[in-house]
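Working notes, structure below.
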Amino acid sequence: MTAARTSDAREALVRVDGLKKYFPVRRGFLRRQVGAIRAVDGIGFDIRPGETLGLVGESGSGKSTAGRTLLRLEEPDAGRVWFDGRDLARLDADRLKDERRRMQMIFQDPYASLNPRIRVGKAIREPLDIHEIGDAHARDATVCELLERVGLNADHATRYPHEFSGGQRQRIGIARALATRPEFIVADEPISALDVSIQAQIVNLLSDLKAELGLTYLFIAHDLSMVRHLSDRVAVMYLGRIVELGDCDRVFERPLHPYTRTLISAVPAVPRRAPEDRCSRPSGRLANPADPPSGCSFHTRCPFATALCRTVSPELVPASGDASHVAACHHVEQIPRDEMETVPAS
Ligand code: SF4
């Protein structure tokens, strides 16, 4: 099974099914393909209107590629994405452009995502020009309105990116993403390049914008405390696959998959359990996505791995009698509960 369905597809604003993105590995003088990095290896989920789905995992787990492929900034190798009931792969270029107005991305690096030679107002206005939204006067008015909406001043439109701090630049990136009045935003690690003191401000801004504008987010991050603060549900990725998905509080308070427990136990604010808790001691490194382990791809790091884990890949299935909480682990019911990492609600 490649998809994790925890909501009725009829309710979904975004539906992803079996999405794959492989990057070729080439070697030699002729640059022959000798393998492929399986960055995204058959993921699926629904996102309901007005919902925030957090997507977490270590660096290299495929989170960002998943977000980019979902928006077709990368061409998928397999799988389908429906947005508001429309299959994006079947849209021609004009109709895809129309749908793109409704789906935008906030990038990780506010320094790299703004052209240093273009004034901020022009950068925010660019999506309006591309999509031919409004006349010149209306576009300028929208730029001023967006700057103020993200906590900056209309006067800032005439300045260049280098005149702003990192947090201000990310606000500019958010204003640019909002220019076409999208309904769905992929926020790709929007706080990871910022000072810790600024991160909460940006997360609060995203939260306020969601409430004011009725936005739907895919929030990609490796900071679990921020994911918990902003998300309604959370999906955990490991080596290109989703290994756990469920309501945010449920996953944080009762994580099922050993990898999720490891991630949660690594959050500094979370009290660690006793030293004998095997889940609190992550071991090994993320395996090579060009040569993933057989069976369960987490078996090389999992303290509970058995012979079955080394040969058979587990499917995402509901666990603990809760159909909305799924995990891909053969032994989720057998792993002792006293070895479960639990996290108090924030
Ligand atoms: Fe660990 Fe086996 Fe579960 Fe994979 S399937 S997470 S190796 S116990």
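The values are calculated or read from the model by the stated rules, or taken from the named source; none is laboratory data. Note that this is a predicted model, so its numbers are computed, not measured. Please note: Cβ atoms are built from the backbone with ideal geometry, for glycine as well, and neighbour counts cover all protein chains shown.
Is it true that some residue in the range 242-262 is within 14 Å of the ligand (Cβ to nearest atom), modelled with pLDDT of 95 or more and among the aliphatic types (A, V, I, L, M)?
yes
In the range 75-90, which residues are part of a loop (DSSP other than H, G, I, E, B) and in contact with a Phe, Trp or Tyr (Cβ under 9 Å, 6 or more places away or on another chain)?
If the condition is that a residue be part of a loop (DSSP other than H, G, I, E, B) and in contact with a Phe, Trp or Tyr (Cβ under 9 Å, 6 or more places away or on another chain), then D77, D84 are the ones that fit.
Hey, S61 hits all of (1) crowded, with 23+ Cβ neighbours inside 10 Å; (2) outside any loop (DSSP other than H, G, I, E, B) but one; which does it fall short on?
Going through the list (1) crowded, with 23+ Cβ neighbours inside 10 Å; (2) outside any loop (DSSP other than H, G, I, E, B), S61 breaks only (2).
I'd like to verify a number: residues in the range 303-318 that are more than 8 Å from the ligand (Cβ to nearest atom) and surrounded by 19 or more Cβ atoms within 10 Å (Cβ to Cβ), how many?
1
Of all residues in the range 72-101, which are buried (at least 16 other Cβ atoms within 10 Å of the Cβ) and closer than 20 Å to T52 by Cβ?
Selection gives V81, W82, F83.
For V196, only one of the following conditions fails: (1) out of contact with any strand residue (DSSP E or B) (no Cβ under 9 Å at 6 or more places or on another chain); (2) on the phi > 0 side of the Ramachandran plot; (3) not small (G, A, S). What is its number?
(2)
If you take the residues of the range 116-148 that are part of a helix (DSSP H, G or I) and among the acidic types (D, E), which of them is farthest from H162 (Cα to Cα)?
D129
Determine if the range 127-139 includes at least one residue that is in contact (Cβ under 8 Å) with a residue 12 or more places away in the chain, crowded, with 17+ Cβ neighbours inside 10 Å, more than 25 Å from L96 (Cα to Cα) and over 25 Å from the mean Cα position of the chain (by Cα).
Checking the range 127-139: not a single residue is in contact (Cβ under 8 Å) with a residue 12 or more places away in the chain, crowded, with 17+ Cβ neighbours inside 10 Å, more than 25 Å from L96 (Cα to Cα) and over 25 Å from the mean Cα position of the chain (by Cα).
Answer yes if at least one residue in the range 214-223 is small (G, A, S), modelled with pLDDT of 90 or more and over 18 Å from G62 (Cβ atoms), and no otherwise.
For the range 214-223, residues small (G, A, S), modelled with pLDDT of 90 or more and over 18 Å from G62 (Cβ atoms): present.
Could you pull out the residue among G54, G44, G67 that is among the small types (G, A, S) and either free of Cβ contacts under 8 Å to residues at least 12 places away in the same chain or assigned to a helix (DSSP H, G or I) (or both)?
The unique qualifying residue is G67.
Give the residues of the range 319-340 that are free of Cβ contacts under 8 Å to residues at least 40 places away in the same chain, in a loop (DSSP other than H, G, I, E, B) and either more than 7 Å from the ligand (Cβ to nearest atom) or at positive phi (or both), sorted by residue number.
G321, E333, Q334, P336
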